[in-house]
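Below is one structure; the comments refer to it alone.
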Amino acid sequence: MPPSHQLASPAPAPTSPRLTEALNLALLADSQKSDATKKETARTVTLFIQAFGDKPVQEITGRVAGEFRDLLFSLPTSYAKGKQEMDLNAEVERAQEFDLPTLSG
């Protein structure tokens, strides 16, 4: 096949930063954000990573965000008061098993 008819090799897919990197670049380094905002956002990102791993940002779709929201709402209300030593999924199972009140109400 002559070179003019060969298909060009596809360009490599652009990579996006992982969630922890994006957190550090976009929020924690921003001197305009309050310490409270940084702390709460970092806590939420930690919970997300515990549940789904440190995903590249472009892989965090609306579906994934919805799953995370549902997971958080399924946690027992006592979760935020403790040291959160248990895995998020184990805490959800514990809430269901013992019919504990959850964050969803």
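The values are calculated or read from the model by the stated rules, or taken from the named source; none is laboratory data. What you see is a predicted model; the values in this text were computed from it and never measured. For the accessible areas, the whole protein counts, side chains as well, though only heavy atoms, and no ligand, DNA or RNA atoms are used. Shrake-Rupley method; radii C 1.70, N 1.55, O 1.52, S 1.80 Å.
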How many percent of the accessible area of segment 64-105 is carbon or sulfur, using a 1.4 Å probe?
51
Restricting to aspartates and glutamates and to Cα separations under 19 Å from Lys33, and discarding same-chain partners fewer than 8 apart, the set is Glu21
